[in-house]
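Inspection log for the structure reproduced underneath, given as structure tokens.
The values are calculated or read from the model by the stated rules, or taken from the named source; none is laboratory data. All values derive from a computational prediction rather than experimental measurement. Backbone-built Cβ (ideal geometry, glycine too); neighbour counts: all protein chains shown. Surface accessibility is based on the protein's heavy atoms, side chains included, excluding ligands, DNA and RNA. Shrake-Rupley method; radii C 1.70, N 1.55, O 1.52, S 1.80 Å.
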Amino acid sequence: MSRILGLGALGITAGSTLAVWQTRFNPRIHEASNCQMERLKDLPTREAIVDSLKKEKQFDVLVIGGGSAGAGVALDAQTRGLKTAMVEYGDYCCGTSSKSSKLIHGGVKYLETALKEMDYEQYKIVQEGLKERINVMKCAPFLSHTFPVLVPTYKWWQSVYYWGGVKVYDFLAGKCILKPSKFVSKEEAIEICPTIRKEGLRGAMLYYDGQQNDARLVLVVALTAIRYGAKCVNHTECVDLLKDSDGKVTGAIVKDHISGETYKINAKVVVNATGPHNDHVRKMADPNRKPIIMGCSGIHLTVAKYFCPGNTGLVNPKSSDGRVIFSFPWENVTIVGTTDDEAEPSHSPNVSEKEIQYILEEMNRSYAKEYQIKREDVISAWSGIRGLVWDPRKKNHRTLARGHVVDVDPSGLITIAGGKLTTFRHMAEETMNKVVENNHFDEVKPCATRGMKFEGGLNYTPMLYREISRKYGLEEEVASHLCHTYGDKVYEVLKLCKSTEKQFPAIGHRLHPDFPFLEAEVRYAVKEEYARIPADILARRTRLSLLDARAAKQVLPRVVSIMAEELGWNPCQQKKQYEAGLEFLKVEMGVFNLGKGKEEKMELTGSEKSQIASIFKKIDKEGRGTFSSSDLKEFLNEQKKSGNVQKDILVDVITEANDGNRFISQEELQKIYLNIKNGSYKGRRLIDHLGELKTE
């Protein structure tokens, strides 16, 4: 438990050291950007960007990788006045950055190491994270907000321990603090999070970090770079590096996965920002280079919002193996995570059943018995592979901080490795400082990204959603979603909305009835945000596949149809894209691993079958072989179970459970119980009336 917040006692003895460190490492508070470059009025098409990449004789900087680090480097380089290009293997932010825990934070779990081991490097990671946290929230205000986190205490000393830890965290934030932390009583903790485990609860520590929409954040950084003139393109793989006669890297050979075309991009400097795949690119420069990256898998599960009611996250700081497990509300669902296991880098990571069971078991330790998360509650499961910088001196990778390293290869290739999403801007600044230091450019401006408003943030206001809701006749939920996704670009999306031919809502057709995403967003994503395959829409423009993989599968045909209209796909291409989208949902979102897989399907035990037979016999007293709503009502009256339920309600309960049939046989009742056991919701009301089966 001490890994996350246990600094109470240490905070008292380390105060003087902290004061010295703050003097040595005094962060600049948020400043307005000093960028004087003009932004393009209209974004170029993907085809125009590709044409520019082919025709340009030589770029100053070529960035390989379009995640948070790569997009940040591209923006930094372009706004320093350098001619910049960027290529991304998949979609912008399709890898680790889009599968984060959705936090913008300093990293409270690094504080103990910093103080206990007097580790100044660890301290700098926390301090820089806190400084960049407020900067990101001001650069993209529509994509981020202050986020409260609750850490329950069950022993008297934990209250003191955690209080000291988060107070040190507040102290280090200084003027960048979001809100002061505080200790809350048991009653207050239960009011904030009613699902919390109440036995032995003494109170909880409430502290504040930031929360964001990671994929959209990285996307707007890339769009901002393009707006300033950078030539950035997605779905383009670096297949090899170009070198001169001295072995110096002078560019890359890339393959466009959309057109299938291969071409060369020449550049004075190549920056490798491919995260967990950094070593793959480094070996293109020098096959003998030793690896510096270790892949580390972090999985997350999505469950219903009611497991984390309100807007406060819940942390279990002591899992059985010492990891930190959490459940955070996000986009009207609850995200539960995360693991920290060594893994091979992959462009299509998946989640194993063992990992799912581990997360559920550990997180349920923090929930009351009546609010335990069951396997069938999981509606999406996804994994991101972090690229940690390998340190041979460390035996356990879980002790590695998420610090970053800028590596300069003898060939001239510059690699940015490690780090975390929160500090992507600072990582990019340090990377470009190294680029400028090691290369000769005619004129380079200073870094201009601190305080820069990203795409959509220039004219955004928190009340914008109210304005467009009233002005355009939109549901408040939809208006809020659009404003918190596109910022001041929301008007461009509204231009693509079609009339509903209703009085209210007046415009905008939903992709799925349970979510606020509109069909117009698909068109906008293709036209203005460079989406080219269904996964771009489902996972990174709307985030639907992370919120509910089954819902994403349901809307996939419509997404393909709209994209076909915009991109001119023929029937064969549509079929191919649909199958690719389905494969993505299956592999990366666990759509076919939700509930129990076919090979893992549970069966009824002998005891359960006997219980069902006994229940059925009591309802079917006349031995007809089936029972109706009248039989069920009589049974419930005798058992004093819901005897006041109206007959027409029971008719609906039976027909819903049995595919419209008003009579249920013993075999059909067994099937209903079995389906419930395997994660189905169908027939749940009937089972609630009859009662759960007793397990052996």
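Go through 451, 456, 418 for me and flag whichever is at pLDDT below 95, buried (at least 19 other Cβ atoms within 10 Å of the Cβ) and not hydroxyl-bearing (Ser, Thr, Tyr). Let's see the steps before the verdict.
Working: 451 fails: buried (at least 19 other Cβ atoms within 10 Å of the Cβ); 456 fails: at pLDDT below 95.
The unique qualifying residue is 418.
Evaluate the range 201-221: report whether one residue or more is modelled with pLDDT of 95 or more, small (Gly, Ala, Ser), part of a strand (DSSP E or B) and under 28 Å from residue 454 (Cα atoms).
yes
Answer yes if at least one residue in the range 223-244 is without any contact (Cβ under 8 Å) to a residue 40 or more places away in the chain, open to solvent by 20 Å² or more (accessible area, probe 1.4 Å) and farther than 28 Å from residue 99 by Cβ, and no otherwise. Working first, answer last.
Here is the first cut: in the range 223-244, the ones without any contact (Cβ under 8 Å) to a residue 40 or more places away in the chain are 239, 242, 244.
The next check asks that each one be open to solvent by 20 Å² or more (accessible area, probe 1.4 Å); those that pass are 239, 242, 244.
Those left that are additionally farther than 28 Å from residue 99 by Cβ: 242, 244.
Yes, that holds for at least one residue.
Given the structure, is residue 554 open to solvent by 60 Å² or more (accessible area, probe 1.4 Å) and not basic (Lys, Arg)? Reasoning before the result, please.
On the way: open to solvent by 60 Å² or more (accessible area, probe 1.4 Å): yes; not basic (Lys, Arg): yes.
Yes.
In this structure, is residue 315 of a type in the set (A, V, I, L, M, F, W, C) and within 25 Å of residue 515 (Cβ to Cβ)? Explain how you work it out, then say what you get.
Details: of a type in the set (A, V, I, L, M, F, W, C): yes; within 25 Å of residue 515 (Cβ to Cβ): no.
Spelling it out, it is not the case that residue 315 is of a type in the set (A, V, I, L, M, F, W, C) and within 25 Å of residue 515 (Cβ to Cβ).
One residue is enough: does the range 289-303 have a residue meeting the conditions surrounded by 24 or more Cβ atoms within 10 Å (Cβ to Cβ) and out of contact with any Asp or Glu (no Cβ under 8 Å at 6 or more places or on another chain)?
Yes.
Looking for something over 17 Å from the mean Cα position of the chain (by Cα), at pLDDT below 95 and not in a helix (DSSP H, G or I) - is there at least one such residue anywhere in the range 558-578?
Going residue by residue through the range 558-578, those that are over 17 Å from the mean Cα position of the chain (by Cα) are 558-578.
Restricting the remaining residues to those that are at pLDDT below 95 gives none.
Taking every residue of the range 558-578 in turn, none turns out to be over 17 Å from the mean Cα position of the chain (by Cα), at pLDDT below 95 and not in a helix (DSSP H, G or I).
Can you tell me which condition residue 660 does not meet? The list is (1) at pLDDT 85 or above; (2) under 42 Å from the mean Cα position of the chain (by Cα); (3) farther than 24 Å from residue 304 by Cβ, and all the others hold.
(1)
Can you tell me which residue within the range 328-358, out of those that are touching a helix residue (DSSP H, G or I) at 6+ places or on another chain (Cβ under 6 Å) and hydroxyl-bearing (Ser, Thr, Tyr), is most open to solvent (accessible area, probe 1.4 Å)?
If we take residues in the range 328-358 being touching a helix residue (DSSP H, G or I) at 6+ places or on another chain (Cβ under 6 Å) and hydroxyl-bearing (Ser, Thr, Tyr), then 348 is most open to solvent (accessible area, probe 1.4 Å).
Determine if the range 450-469 includes at least one residue that is at positive phi, touching a strand residue (DSSP E or B) at 6+ places or on another chain (Cβ under 7 Å) and touching a residue at least 24 places away in the same chain (Cβ under 8 Å).
Going through the range 450-469, the residues at positive phi turn out to be 451, 456.
In the following step, the residues that additionally are touching a strand residue (DSSP E or B) at 6+ places or on another chain (Cβ under 7 Å) were identified as none.
The answer is no, given that none of the residues of the range 450-469 is at positive phi, touching a strand residue (DSSP E or B) at 6+ places or on another chain (Cβ under 7 Å) and touching a residue at least 24 places away in the same chain (Cβ under 8 Å).
Of all residues in the range 648-677, how many are at negative phi, assigned to a loop (DSSP other than H, G, I, E, B) and not polar (S, T, N, Q)?
Within the range 648-677, residues that are at negative phi, assigned to a loop (DSSP other than H, G, I, E, B) and not polar (S, T, N, Q) number 2.
Taking residue 473 as the residue in question, decide whether it is out of contact with any Cys (no Cβ under 7 Å at 6 or more places or on another chain), surrounded by fewer than 19 Cβ atoms within 10 Å (Cβ to Cβ) and over 30 Å from residue 251 (Cβ atoms).
When the stated conditions are applied, residue 473 passes them.
Determine whether the range 195-202 contains at least one residue that is closer than 30 Å to residue 169 by Cα, among the acidic types (Asp, Glu) and either open to solvent by 10 Å² or more (accessible area, probe 1.4 Å) or under 30 Å from the mean Cα position of the chain (by Cα) (or both). Even if it seems obvious, please write down each step before you answer.
Initially, the range 195-202 is screened for residues closer than 30 Å to residue 169 by Cα, giving 195-202.
Now narrow it down to the ones that are among the acidic types (Asp, Glu): 199.
Next, from what is left, pick out any that are either open to solvent by 10 Å² or more (accessible area, probe 1.4 Å) or under 30 Å from the mean Cα position of the chain (by Cα) (or both): 199.
Looking through the range 195-202, at least one residue is closer than 30 Å to residue 169 by Cα, among the acidic types (Asp, Glu) and either open to solvent by 10 Å² or more (accessible area, probe 1.4 Å) or under 30 Å from the mean Cα position of the chain (by Cα) (or both).
Does residue 519 fit the bill of being farther than 27 Å from residue 329 by Cα and either basic (Lys, Arg) or in the same structural domain as residue 482 (by the TED database) (or both)? Working first, answer last.
Values: farther than 27 Å from residue 329 by Cα: no; either basic (Lys, Arg) or in the same structural domain as residue 482 (by the TED database) (or both): yes.
Considered against the rule, which asks whether it is farther than 27 Å from residue 329 by Cα and either basic (Lys, Arg) or in the same structural domain as residue 482 (by the TED database) (or both), residue 519 comes out as no.
For the range 93-123, name all the residues that are closer than 30 Å to residue 55 by Cβ and out of contact with any Ser or Thr (no Cβ under 9 Å at 6 or more places or on another chain).
94
Which pairs turn up if I take residues in the range 177-199 that are charged (D, E, K, R) and in a loop (DSSP other than H, G, I, E, B) and look for partners that are open to solvent by 40 Å² or more (accessible area, probe 1.4 Å) and modelled with pLDDT of 95 or more with beta carbon separation below 8 Å, at least 6 apart in sequence or on another chain?
Filtered contacts from the range 177-199: 179/146; 198/186; 198/190.
Identify all residues within the range 48-84 that are assigned to a helix (DSSP H, G or I) and either out of contact with any Ser or Thr (no Cβ under 8 Å at 6 or more places or on another chain) or not assigned by the TED database to the domain that holds residue 403 (or both); write none if there are none. Working first, answer last.
Step one: of the range 48-84, the residues assigned to a helix (DSSP H, G or I) are 48-55, 68-79.
Hits for the range 48-84 are 48, 49, 51, 52, 53, 54, 55, 71.
Go through the range 41-63 and count every residue that is at pLDDT below 95 and within 23 Å of residue 265 (Cα to Cα).
0
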